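Shown next, in structure tokens, is the structure this report addresses.
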Amino acid sequence: MTDRLSELTAAGVAVWLDDLSRVRLSSGGLDQLRREKHVVGVTTNPTIFAKALGDADEYDWQLRDLATRGVEVEESVRMLTTYDVRWACDVMRPSYDDSRGVDGRVSIEVDPRLAHETDKTVAEAKALWWLVDRPNLFIKIPATEAGLPAITATLAEGISVNVTLIFGLDRYSQVMEAFLAGLEQARANGHDLSKIGSVASFFVSRVDSEVDKRLEKIGSAEARALRGKAAVANAQLAYERYSEVFSSDRWQSLADAGAHPQRPLWASTSTKNPDYRDVIYVEELIAPGTVNTMPESVIHAYAEHGETRGDTITGAYDAARKVFTDLEAVGVDMSDVIATLEREGVEKFEASWLELLDGVRKSLTAAGRGTGRPGQAAQGNAQAAQQAGGNA
């Protein structure tokens, strides 16, 4: 049988899983995807964790321990999520070692309520890096205006970063600038650049969802003919900018010091419109040095009927620019689209985080914590980190 995911990997696309749960870890499902489906990385977000903790009994023992010790809700969330991410880092460690630190990465996101607070984001990133304590970790920081200096400051500490919630081309250019500045500061601070990794998570399907909604409202034949084209064009032009930045003299100086490029990662790659091919955001975004993080359903769909047609990005720049010109001509304001998506992206993750906190609060209460003993939270933090260090 044709190994389509192997072909995709050979074309330069790293296949990552956009999901994580303790059930997936304890059942060996993640390791099976690594061994059989060429999965070499994992991304998580608050929505994924909210669903995982709400669906499984695998967390009950840890919730009981946290409740007994009187650990506060927010710190309990850190203990629960970092436990899973640490375990996932260990599962993916062979991919990390085989790729010399490029792949095998697992991401955990800073509290999305900090998306507009630079200093708190950096402090949270450092705390998560210390808690997980694995070299193949990525700390996810949103590409908000406040997030940009946080990205630079976190990288300067020698901490690997997954920049998330990127929707627009100009913001993506700012993200790459933040990355280069961060590595330059890390080098000045004496860090080994070969140990620092980064990806830039460029969201795809949400762009089509927002643009298609506006095209439907416009309603003309010209507008309707543009449905399903904006997201791929946007990502293709992002790759053009990536190619320019990472062929510059400034980048070469960092590469000579051992740095790895900040790869573009295609996120939000499941199709929201059932009229579209279910693997369109994989097939149309194939190019060397990219990452595509997919829900498991998309991984299996590509394994079954995905078509790897070589590089589908670098020859498409002119066609992608025409899509943008045509969108403007029918009345779609892409600047407003991008601003809307960034705002809604942060809001959705904030809502998921609050859902996660609420779920853990209820679980702690059910486990016997009751009204709690706040004074014990700080006393138990080091003990909780040690407890969460075991993976089985």
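The values are calculated or read from the model by the stated rules, or taken from the named source; none is laboratory data. A quick note: this is a predicted structure, and the numbers were derived from the prediction, not measured. Because the Cβ atoms are built from the backbone with ideal geometry, glycine has one as well, and the counts that use them run over all protein chains shown. The protein model used for the area step is the full one, side chains on, heavy atoms only, and it has no ligands, DNA or RNA in it. Shrake-Rupley method; radii C 1.70, N 1.55, O 1.52, S 1.80 Å.
Points to keep in mind about this one:
- FRET efficiency for residue 57 and residue 32, using Cβ-Cβ distance with R0 set to 22 Å, rounded to 0.05: 0.55
- Against the main long axis of the alpha-carbon atoms of the chain, helix 375-387 sits at an angle near 70°.
- Where labels lie 7 Å past Cα in the beta-carbon direction, separation of residue 270 and residue 304 in nm: 1.4
- When the range 222-361 is reduced to its Cα atoms, the Kirkwood hydrodynamic radius in Å: 17.5
- Loop sites in the range 274-324: GluC sites (Glu not before Pro), DSSP, at most 16 other Cβ within 10 Å: 307
- Accessible area per residue for the range 91-218, computed on protein heavy atoms with a 1.4 Å probe, is 35 Å².
- Contour excess over end-to-end distance, with Cα ends at residue 97 and residue 146 and 0.36 nm allotted per residue: 14.3 nm
- Volume of the convex hull of the range 139-285 (Cα atoms only), normalised per residue: 108 Å³.
- In this simple spin-label approximation, residue 351 and residue 6 carry label points 7 Å from Cα along the Cα→Cβ vector, and these lie 4.3 nm apart.
- One chain, two ends: residue 252 and residue 47. Fully extended at 0.36 nm per residue, the span grows by 70.1 nm beyond their Cα-Cα distance.
- Contour minus Cα-Cα distance for residue 322 and residue 366 (0.36 nm per residue): 10.1 nm
- For a paramagnetic label modelled on residue 170 (point 7 Å from Cα along Cα→Cβ), amide N atoms under 15 Å away are absent within the range 308-322.
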